[in-house]
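Each remark here refers to the structure printed beneath this line.
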Amino acid sequence: MILSSTERTGDARERLLARLLDTFGEALPAPEVSLREIAARTGTSHALLRYHFGSLPGVLAAMLTAQRSRDNEALFEAARQGTFDDLVVAIWRTYTRPEQLSRVRGFFHVAGLAAYHPENFREFIDSLDDLTTVLASLAEREGFGTREALTAATVTIAAIRGLLLQEVLAPAGRSEDAVALILRLGKGPSVPRTPPGP
């Protein structure tokens with residue numbers, strides 16, 4: 001089979017992304033690191049990184065998207081048997097582990113850049129609703145109407161991201177209080193619920 005140039009380019013990008021992920025593990029390169037330094041560390045060239053990702057923010061966005069996709073697979077698996085609350089706790093624990101700090105900082109860095117130039121970060125932006133969708137389906141399974149479920153999930157993810165930003169800027173060290181607050185916000189008393197059917 002002969003691959004098109006687009007397919008070959010896509011494969012090369014995926015291989016390069018895999019090399020970046022293998023090199024940096026759970027972490028992300030810091031925003032002040034140059035593409036040349038990342039290239040040297042991963043055993044590739046600055047020109048290849050620029051060709052496939054465009055810039056350092058492009059590298060960070062691609063790595064974050066892939067890392068979050070991998071995290072989501074594990075979280076989605078846990079959600080199959082768990083509850084809305086279980087998934088919220090799992091998300092919070094996943095992203096408040098000390099080894100996740102560089103990724104959480106990187107997330108807010110890339111999100112800030114994407115706010116100014118969304119056209120350059122489409123893949124990253126499109127991946128942001130994955131957890132909201134799964135939380136909404138769990139809320140529906142627990143008796144929320146479709147609209148209320150989506151609202152509860154959206155508020156919950158917004159609260160998690162807001163509290164993660166606070167943890168980055170001014171760590172308070174009150175994780176259990178934060179999780180309890182997130183659960184109250186996402187499932188407030190104003191949302192009507194009906195028991196799930198048999």
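Tilt of helix 146-169 relative to the longest C-alpha principal axis of the chain, in degrees (0 to 90, nearest 10)? The angle comes out near 60 degrees. Could you tally the net charge around Glu77, taking each other residue with its Cβ under 14 Å from the Cβ of Glu77, Lys/Arg +1 and Asp/Glu -1? Once positives and negatives cancel, what remains is -2.
Using all pairs of distinct alpha-carbon atoms, the Kirkwood hydrodynamic radius of the chain works out to 18.5 angstrom. How far is helix 5-24 tilted, in degrees, relative to the longest principal axis of the Cα atoms in the chain, given as a value from 0 to 90 rounded to the nearest 10? That helix lies at roughly 70 degrees to the long axis.
Every read-out reported here was derived from the displayed coordinates using simple, explicitly stated rules and does not represent laboratory data. None of the values given here were measured: they were computed from a predicted structure. Neighbour counts are summed over all protein chains in view; Cβ atoms, including those assigned to glycine, are modelled from backbone coordinates with ideal geometry.
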